[in-house]
Amino acid sequence: MSLRPASHKVNAESRAMPRYIGLLRGVNVGGHAKLPMTKLRELIESLGHTEVQTLIQSGNVVFSSPQDVTSGSIEAALERELGLTVPVILRTPAELQRILAGNPFPGADLSSLHVGFMSRQPPAKAVRELDSARFAPEEVEVKALELYFHLPNGMGRAKLPPYVDRRLGVPTTVRNWRTVTKLLEIARG
């Protein structure tokens with residue numbers, strides 16, 4: 001299995017203009033790292049990307065590009081142009097499809113499912129040492145570069161995601177199942 005580092009390059013898929021999904025961590029949360037989605041769209045377009053669409057105010061952007069794209073190039077532009085230092089995690093539509101198909105909680109209410117997108121693979125030892133059972137009924141499953149969370153009482157009251165974030169020490173941004181599904185829908189056009 002091949003895993004990419006934080007500033008990984010997503011190679012062009014078989015289409016002439018591959019699509020990408022950019023997930024920004026920590027924007028527009030609790031008044032911190034404010035970023036209007038119009039500014040995000042303008043920034044992504046200024047980098048030469050096209051067909052730019054954003055989804056909700058939490059830093060989700062879908063775009064096409066004739067060139068290879070790196071999370072580092074978007075992070076640098078955010079810092080240079082807008083003064084924001086935030087991790088950007090990139091995925092392709094094929095990766096989102098794989099993520100949705102890999103749901104380890106098939107019997108769960110979809111409204112209780114969330115996906116944490118990690119910028120790099122966490123240390124195997126840190127994954128093995130996770131003590132998630134003490135957070136029941138909350139559950140987590142680590143698969144490649146994603147964390148699957150089943151949070152029956154919702155994200156707002158959940159204790160497991162912050163625990164996992166601290167223990168793994170990998171930049172991660174979490175989206176609910178509905179958002180991930182909608183991002184894939186947008187990316188497919």
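General remarks:
- The stretch 65-98 and the stretch 126-169 have their alpha-carbon centroids 25 Å apart.
- If you look at the Cα atoms of the stretch 95-188, you get an Rg and a Dmax of 12.7, 39 Å.
- Considering only Ala77, Ala108, Ala124, the Gaussian network model of the chain with Cα springs below 10 Å gives its largest mean-square fluctuation to Ala124.
- For the chain, a Gaussian network of Cα nodes joined below 10 Å ranks Asn153, Asn176, Asn103 by mean-square fluctuation, and the top entry is Asn153.
- Once backbone amide H atoms are built at 1.01 Å from N, Leu35 has Asn28 as its partners under 5 Å, excluding neighbours fewer than 5 places away on the same chain.
- D (Stokes-Einstein, µm²/s), Kirkwood Cα radius, the chain, 1.002 mPa s at 20 °C: 126 µm²/s
Each value in this text was obtained by applying a stated rule to the coordinates, not by laboratory testing. Source: prediction; values computed, not measured.
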